Structure formats: structure tokens, C-alpha cells
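*Asks:* Mind having a look at this structure? Questions to follow.
The values are calculated or read from the model by the stated rules, or taken from the named source; none is laboratory data. This is a predicted model, so every value here is computed, not measured. Heads up, the Cβs are rebuilt from the backbone with ideal geometry, glycines too, and the neighbour counts pull from every protein chain shown. Remember, those area values only see protein heavy atoms, side chains included, never the ligands or the DNA or RNA. Shrake-Rupley method; radii C 1.70, N 1.55, O 1.52, S 1.80 Å.
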Amino acid sequence: MYPLISSARILFRAALLIFVVTIVIGILNGMDIWQPSHNVLLTHVHAGTLGWITLSVIGAAMLMFGEGAGSDEVRASNTLAMGAVGATVLYVVAFATGTGIFRPIAGTIMLAAIVWALVWVWKRFSSLAIRSSHHLAMLLTMISLTMGAVLGVILGLFIARGSVPGLSDDTAGTLAGAHPPAMLIGYLILAGVAITDWLLDGPPGRIGPIVAWSLFVAGIVVNIAIMLDIEALIQVATLLEVLAIILVLIRMWSRIKPSAWSGGGGANFARMSIVFLAIGIALLVNVVRLFISGELDPESNTGPIGALLAFDHAMFIGVMTNALFAVVASTWGPDDNRISLWAVNGGLALFLVGLLADIPILKQIGAPVMGLALLHAIAVYYMATGREPKRAVTQ
């Protein structure tokens, strides 16, 4: 049933361990008892986006596209998994040490691993006789990730050297500035849709592919808008994102309506991910409004930064962590982990309200509740991934 389970296990177990780094830093920072250095904050972010999320997304792709894989493909996938883990660990260490040119070098190695994963997904996608909307969404996710990674290497070079070979300083700075939105808007939202559509067995029809392409195009439009400094295009991309997520909610309503939650199980993490897709898009609209009005300037870190941080964490934890916990629970178990489900998301809700309303006590309570619940979930799911897989929860 899962020919590539060994490859997925390598990726998810490494991802869960690296996620601990992100959580510990996040708890201490969120409680305002420690102000991490810039390098530590970057380690927090990249251990999460690459160590936890990207390794797990590649693992999910191996489960999604693994049917029919032969022994040669299993060996090749294991090599890819180990290469991706090694590149990610190196990259996280580069951020933690903050050593000049080491960071873009490690970033280039990470980019190579991501391109390797993209080629693997592309080949598996091309070999499918029947392609569902989640297969398309995952392929577009990997393309978006690759584009964001290219911009990340440019950003690393620009920070380390103050210039990028072959590019003017203005061009290099503009391309570098497009990296964060490319990852947040172009990659994470699409990845969340791909995984939840797969796990919850999204109904067939035209809506699924329309959603996938809309989110992919929106990510590209955001990149162009940032690079060319065209605010109107940011609004166009935001509108595309909003319409796409509305279509997701309509299409998946039978899977996320109140009565669908009664059975519990790992699929409820996937349902929670869709809920946070809606919340995240609402937060994105707010961030764009603040940015267009001039109230928020992410580059200078001025204005209501809490709104931007709320959007970030809604994507990282609300959308992606819920979706990825759903993959682990649906593949290995346990069938029901309500403590993690409600403690993680309850803590996240408090944390988001604290950021948005600028109420420190809510943030200081929400951060440890969410963080400790995440650590509990990591322990549960790390042990689970050592067992044999079970039938996926898709209802």
C-alpha cells in the first residue's frame, strides 16, 4: 500500500526532531522571557519552514505518488530522502552560526535537494494514468517551492556579499525581497490545499484544478508585484487567493461541516487545516490592506507587525502543521489525538489574538500552551512513525 514508506519515514522522523528547535525558540520568545538574536530567529523560521514543513511535504509527496513504485524507485527515493535531510540540517546549522558565505553555500545545497525532489515529483506525476487535483496541486507546490528557494539563495548571497554576481544591486535587492512572500503565499497555501485535498478525498470535478492553478498563479503574481513594485498586482493576487479559498470551502464543505468532526481521528487535523486556510486568507487581506495604506512596512519592521506575525503563524502552524500531523496520523496513527488537536489550536488561537490585539498576556499564555502541545504531539508521532503503516484516514 505504501511502497515508499521507508523514504517517508526517514523524512518525517527527521522533520519532527528538527521541529523541536523551532518550538523551543518559539516558546521562550513568545513568553517574552528571552529576546533571541537575529540569527536565532532566522534559525527558528528556517528550522520550521524547511526542517519541519518542507521535509514533511516531500514525505507526503512520496506517500501520495508512491503507488506502483518498484525496488529501484524505492532505493532512489531513500537516497533522495537522506540527501534532503542532510541538506536541511546543514542549512539550519548555517542560520544558527550566521557564518557569512556559509549560508548561501548551504542554501545552494538545499536548493539542489529541492530541485531533486521537484524532478522526482514531476516524473511520478508524468507516469500517472489517472491524475487527481491533489497530484496537480502537489506538483505546483514543488514548483513554487523551487522558485522561492532560488530567491532565497539570492537573498543569502545579497546579505553575505552585499551584491549578487551578474545582477545589479537594485535587481538583486528586489529579487531577494520577493523570497518571504514567495514562500508564504506561493508555497505554503498551495501545499496545505494539496495535502488536505488528498487526505480528505476531495470530490472530483473542475473546481480542484481551478483552485490549484489559481493559487499557483497568485503566487507568481505576488512575486512579480514585489519585484516590479506594482501594488495593484498585490491586490489582484490577494483577490485570486480569496476566491480560490472560497472555492476550497465550497468544494470541501461535506468534509468539514460540523457533523463531519464527530468521528474524531487524524482527519480532524486536516479539517482544522482548512479552517485555518480561511483564517489565514482573512489575515492576508488585513496585511495587504495595512501594507497598501502605508501603515505596515515589513522591510523596516515598522507598523502593526503583529498582523504579519499572526498571518505567518496561521500558515506555519494552523495550515501546515495541522495538515502534516494529519498525514502522520493517517499513515501511522494514533487514530485519535484530541489532546494535541485542541491544545495546539487553542494555544494558537490565543497567540494569534494576542498578536492582532497587541495583548501581551494572551501571547505569553498562548505560546507555551501551543508549544508544549506541539512537543507532546512530536513525541506521540515520532513513536508512531516507528510502527507499520495503517490504512489512511480519508473520510
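*Asks:* Can you find a residue in the range 30-53 that is of a type in the set (Asp, Glu) and closer than 30 Å to ASP358 by Cβ?
*Replies:* Looking for residues that are of a type in the set (Asp, Glu) and closer than 30 Å to ASP358 by Cβ, one finds at least one in the range 30-53, hence yes.
*Asks:* Does the range 234-249 contain at least one residue that is in a helix (DSSP H, G or I), farther than 28 Å from PRO209 by Cβ and at pLDDT 85 or above?
*Replies:* Within the range 234-249, not a single residue is in a helix (DSSP H, G or I), farther than 28 Å from PRO209 by Cβ and at pLDDT 85 or above.
*Asks:* Among the residues of the range 116-146, which ones are surrounded by fewer than 20 Cβ atoms within 10 Å (Cβ to Cβ) and closer than 18 Å to HIS46 by Cβ?
*Replies:* Of everything in the range 116-146, just one residue is surrounded by fewer than 20 Cβ atoms within 10 Å (Cβ to Cβ) and closer than 18 Å to HIS46 by Cβ, namely THR146.
*Asks:* Another question about this same structure. Being part of a helix (DSSP H, G or I) and farther than 29 Å from ILE292 by Cβ is the filter here; which residues of the range 195-226 pass it? Lay out the reasoning, then the answer.
*Replies:* First pass over the range 195-226, keeping only residues part of a helix (DSSP H, G or I): 195-199, 207-226.
Those that are part of a helix (DSSP H, G or I) and farther than 29 Å from ILE292 by Cβ: ILE195, THR196, ASP197, TRP198, LEU199, ILE207, GLY208, PRO209.
*Asks:* In the range 62-84, what count of residues is obtained for those that are in a helix (DSSP H, G or I), in contact with a helix residue (DSSP H, G or I) (Cβ under 8 Å, 6 or more places away or on another chain) and either open to solvent by less than 10 Å² (accessible area, probe 1.4 Å) or among the β-branched types (Val, Ile, Thr) (or both)?
*Replies:* 6
*Asks:* Are there any pairs, at least 6 apart or on different chains, whose C-beta atoms fall under 7 Å, with the first in the range 11-32 and in contact (Cβ under 8 Å) with a residue 40 or more places away in the chain and the second open to solvent by less than 60 Å² (accessible area, probe 1.4 Å) and charged (D, E, K, R), and if so, which?
*Replies:* GLY30/LYS363
*Asks:* Do the conditions hold for SER273, that is, is it within 20 Å of ASN345 (Cβ to Cβ) and in contact with a Ser or Thr (Cβ under 8 Å, 6 or more places away or on another chain)? Even if it seems obvious, please write down each step before you answer.
*Replies:* Numbers: within 20 Å of ASN345 (Cβ to Cβ): yes; in contact with a Ser or Thr (Cβ under 8 Å, 6 or more places away or on another chain): yes.
When the stated conditions are applied, SER273 passes them.
*Asks:* Name the one entry in ILE220, ILE230, ILE250 that is touching a residue at least 12 places away in the same chain (Cβ under 8 Å) and either within 26 Å of GLY59 (Cα to Cα) or open to solvent by less than 70 Å² (accessible area, probe 1.4 Å) (or both). So that I can check it myself, show each step before the final result.
*Replies:* On the way: ILE230 fails: touching a residue at least 12 places away in the same chain (Cβ under 8 Å); ILE250 fails: either within 26 Å of GLY59 (Cα to Cα) or open to solvent by less than 70 Å² (accessible area, probe 1.4 Å) (or both).
Going through ILE220, ILE230, ILE250 in turn, just one is touching a residue at least 12 places away in the same chain (Cβ under 8 Å) and either within 26 Å of GLY59 (Cα to Cα) or open to solvent by less than 70 Å² (accessible area, probe 1.4 Å) (or both): ILE220.
*Asks:* Can you tell which of GLY51, GLY59, GLY26 is farther than 28 Å from GLY100 by Cβ and in a helix (DSSP H, G or I)? Don't jump to the end; show me each part of the working.
*Replies:* Numbers: GLY51 fails: farther than 28 Å from GLY100 by Cβ; GLY26 fails: farther than 28 Å from GLY100 by Cβ.
Unique residue meeting the criteria: GLY59.
*Asks:* Continuing with this model, one more query. So how many residues does the range 113-130 have that are in a helix (DSSP H, G or I) and touching a helix residue (DSSP H, G or I) at 6+ places or on another chain (Cβ under 7 Å)?
*Replies:* Going through the range 113-130, the residues in a helix (DSSP H, G or I) turn out to be 113-127.
Then drop every residue that is not touching a helix residue (DSSP H, G or I) at 6+ places or on another chain (Cβ under 7 Å), which leaves 113-118, 120-122, 125.
Qualifying residue count for the region: 10.
*Asks:* Residue by residue through the range 74-119, note down the ones that are modelled with pLDDT of 95 or more and of a type in the set (Phe, Trp, Tyr).
*Replies:* Hit for the range 74-119 is TRP116, nothing else.
*Asks:* Mind checking which residues of the range 281-298 are modelled with pLDDT under 85 and among the polar types (S, T, N, Q)?
*Replies:* Listed by number, the list holds a single entry, SER293.
*Asks:* Which count do you get for residues in the range 373-389 that are part of a helix (DSSP H, G or I), closer than 15 Å to ALA14 by Cα, open to solvent by 10 Å² or more (accessible area, probe 1.4 Å) and not β-branched (Val, Ile, Thr)?
*Replies:* 4
*Asks:* Also, I was wondering about something else. May I ask you to list the residues in the range 260-312 that are of a type in the set (D, E, K, R) and over 15 Å from the mean Cα position of the chain (by Cα)? Walk me through it before giving the result.
*Replies:* Filtering the range 260-312 down to residues of a type in the set (D, E, K, R) leaves 271, 289, 295, 297, 299, 312.
Hits for the range 260-312 are ARG271, ARG289, GLU295, ASP297, GLU299.
*Asks:* Next question. Can you pull out every residue in the range 24-39 that is crowded, with 19+ Cβ neighbours inside 10 Å and closer than 10 Å to PRO368 by Cβ?
*Replies:* From the range 24-39, those crowded, with 19+ Cβ neighbours inside 10 Å are 25-27, 30; that's our starting set.
Within the range 24-39, GLY26, ILE27, GLY30 qualify.
*Asks:* Give GLY202, GLY177, GLY208, GLY173 a once-over and let me know the one that is in contact with a Lys or Arg (Cβ under 8 Å, 6 or more places away or on another chain), at pLDDT below 90 and open to solvent by less than 50 Å² (accessible area, probe 1.4 Å).
*Replies:* Numbers: GLY177 fails: in contact with a Lys or Arg (Cβ under 8 Å, 6 or more places away or on another chain); GLY208 fails: at pLDDT below 90; GLY173 fails: in contact with a Lys or Arg (Cβ under 8 Å, 6 or more places away or on another chain).
Answer to the check: GLY202.
*Asks:* How many residues, within the range 256-275, are under 17 Å from TRP198 (Cα atoms) and of a type outside the set (Lys, Arg)? I'd like the intermediate steps shown before the answer.
*Replies:* Residues of the range 256-275 that are under 17 Å from TRP198 (Cα atoms), as a first pass: 256, 260, 265-275.
Keeping just the survivors that are of a type outside the set (Lys, Arg) gives 256, 260, 265-270, 272-275.
Total satisfying the criteria: 12.
*Asks:* Still on this structure: Being in contact with a helix residue (DSSP H, G or I) (Cβ under 8 Å, 6 or more places away or on another chain) and β-branched (Val, Ile, Thr) is the filter here, so list the residues in the range 16-44 that pass it. Break it down into steps so the answer makes sense when it comes.
*Replies:* Filtering the range 16-44 down to residues in contact with a helix residue (DSSP H, G or I) (Cβ under 8 Å, 6 or more places away or on another chain) leaves 16-27, 29-32, 34-36, 39-44.
Scanning the range 16-44 gives ILE18, VAL20, VAL21, THR22, ILE23, VAL24, ILE25, ILE27, VAL40, THR43.
*Asks:* Checking the conditions here, which among VAL89, VAL121 is touching a residue at least 12 places away in the same chain (Cβ under 8 Å), in contact with a Phe, Trp or Tyr (Cβ under 9 Å, 6 or more places away or on another chain) and under 29 Å from ALA314 (Cα atoms)? Talk me through it step by step, then tell me what you get.
*Replies:* On the way: VAL89 fails: in contact with a Phe, Trp or Tyr (Cβ under 9 Å, 6 or more places away or on another chain).
Exactly one residue qualifies, and that residue is VAL121.
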